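The block underneath contains the structure these notes are about, expressed in structure tokens.
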Amino acid sequence: MPDSITSLPSSLMLTFAFALTLAAGLLLKMWLSSRQIRHVAQHRAQVPGAFAQTITLAAHQKAADYTLSKARFGLLELALGTAVLLGWTLLGGLSIVNQTLLAWLGGGMAQQLALLTAFVLISGVIDLPLTLYQTFVIEERFGFNKMTLKLWLADLLKSSLVGLLIGLPIAALILWMMGATGRWWWLWAWGVWMGFNLLLLMIYPTFIAPLFNKFSPLEDETVKTRVTALMQRCGFSAKGLFVMDGSKRSAHANAYFTGFGAVKRVVFFDTLLSKLTPGEVDAVLAHELGHFKHKHVLKRIVSMFAMSLAGFALLGWLATQAWFYTGLGVQPNLNAPNDALALLLFMLAVPVFTVFIGPVMAQFSRKHEFEADAYAVAHTSGADLASALLKLYEDNASTLTPDPVYVKFYYSHPPASERLARMTA
């Protein structure tokens, strides 16, 4: 339980810092989005010279219109998300839900789990109209959505049940550790959280992903032979090559590795195999192999370990400070645990204060993509990789003319022009 004496100056300072940083982040994101919208619209009428021989004007304009629709919708999401965040925090929404459940259930594990569940449910209901509009209006308008409302509802039910069955036990365990393992609870909780994430990486391909999609062994002998030879050349092994029925939900195409350690799988969207030649499939897979060979996946896992350790340590301290609660609009419980409150407030506040770290992470990600491209060019045909990337950019309606500043802040993958120029060089 936090100290009963609230530090008023600290509380007011946190309120001011939170509000100021939230406003600054909102203005920055709106400015970036307006730049993106203006830049893409200005270049909509003409295909960039580097792509004039490979991309039609109709495809270029479709990508521009798709990007503009998503960007404008993103402004609405941004405004609503900011309003909801203020509602949960400084306007007292989380405190009201907490006090209501406290009156019904009393203090204890049941009340804390109910608070977490109520937060997730309310947030989900608020996001529901946006998700429906994104899927059945924007994606539908541009020919990407293949889901029926029945399938969408089935996915929602399945994901909710999976989240309930997995999320509640781990949440209960962490809440128990917060109250029962002393001042170093955050170190034990971090260890459990990391172990849980690693376990999830191993069981996801076999037990969770098949609940949503059908995975069939790759049957195309030409592709299978080429892919197997590529993996042998690169010294890479996987548990299997699978085709996923991605066309069941979307027209977007992709390929990825899933799993961890000995249970890694190579998964191709059926939409990808229908649009790329065997050589292009080779090149796309070689790019993914490049991520493993350069240890990008391991580096990201280590980074996740380090950042989560720092986060748990910070939460361990903040959870004992009354100003942390009052400064974010919540009245802490005096005679009941505040562990669930601390978790939720921390989860809500951290993205606000770390918004300016995003460009740094995006820069590292783009660097990794360049390295994976170089690896693919060294082990397959650079021409095949270039043509595959152009097909994927066109197929996914990715704009060829994004705003450079927007790219620096948000893009985890370099724009097509930069990737192709680097390959040529």
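The values are calculated or read from the model by the stated rules, or taken from the named source; none is laboratory data. Everything numeric here is computed off the predicted structure, so don't read it as measured data. Cβ sites come from the backbone with ideal geometry, for glycine too, and all protein chains shown count toward neighbours.
Descriptive notes on the structure:
- Region 57-90, residues that are surrounded by 16 or more Cβ atoms within 10 Å (Cβ to Cβ) and basic (Lys, Arg): 62, 70
- Condition met for residue 398 (under 24 Å from residue 229 (Cα atoms) and either in a helix (DSSP H, G or I) or in contact (Cβ under 8 Å) with a residue 24 or more places away in the chain (or both)): no
- Taken together, the criteria place residue 316 among residues that are in contact with a Phe, Trp or Tyr (Cβ under 9 Å, 6 or more places away or on another chain) and closer than 30 Å to residue 106 by Cβ.
- Evaluating residue 348 against the criteria (1) part of a helix (DSSP H, G or I); (2) of a type outside the set (Phe, Trp, Tyr); (3) at pLDDT below 95; (4) out of contact with any Lys or Arg (no Cβ under 8 Å at 6 or more places or on another chain) leaves one unmet condition, (3).
- The single residue among 383, 362, 372 that is without any contact (Cβ under 8 Å) to a residue 40 or more places away in the chain, in a helix (DSSP H, G or I) and within 30 Å of residue 230 (Cβ to Cβ) turns out to be 383.
- Yes/no for residue 236 being touching a residue at least 24 places away in the same chain (Cβ under 8 Å), part of a strand (DSSP E or B) and within 23 Å of residue 388 (Cβ to Cβ): no
- Looking only at residues of region 215-256 that are of a type in the set (A, V, I, L, M, F, W, C) and under 23 Å from residue 144 (Cα atoms), we find that the one that is surrounded by the most Cβ atoms within 10 Å (Cβ to Cβ) is 244.
- If you check 156, 132, 128 for being exposed (fewer than 12 other Cβ atoms within 10 Å of the Cβ) and under 24 Å from residue 73 (Cα atoms), only one passes: 128.
- Some residue of region 265-280 being out of contact with any Lys or Arg (no Cβ under 7 Å at 6 or more places or on another chain), among the polar types (S, T, N, Q) and either part of a helix (DSSP H, G or I) or buried (at least 18 other Cβ atoms within 10 Å of the Cβ) (or both): yes
- In the set 143, 163, only one residue is in a loop (DSSP other than H, G, I, E, B) and either exposed (fewer than 14 other Cβ atoms within 10 Å of the Cβ) or of a type outside the set (Asp, Glu) (or both); that residue is 143.
- Taken over region 45-78, the residue count meeting the criterion of being without any contact (Cβ under 8 Å) to a residue 12 or more places away in the chain, within 23 Å of residue 140 (Cβ to Cβ) and hydrophobic (A, V, I, L, M, F, W, C) is 1.
- Evaluating residue 107 against the criteria (1) at pLDDT below 95; (2) part of a helix (DSSP H, G or I) leaves one unmet condition, (2).
- For region 103-122, residues that are within 14 Å of residue 84 (Cα to Cα) and exposed (fewer than 13 other Cβ atoms within 10 Å of the Cβ) total 1.
- Condition broken by residue 310, with the remaining ones in (1) at pLDDT 90 or above; (2) farther than 26 Å from residue 194 by Cβ satisfied: (2)
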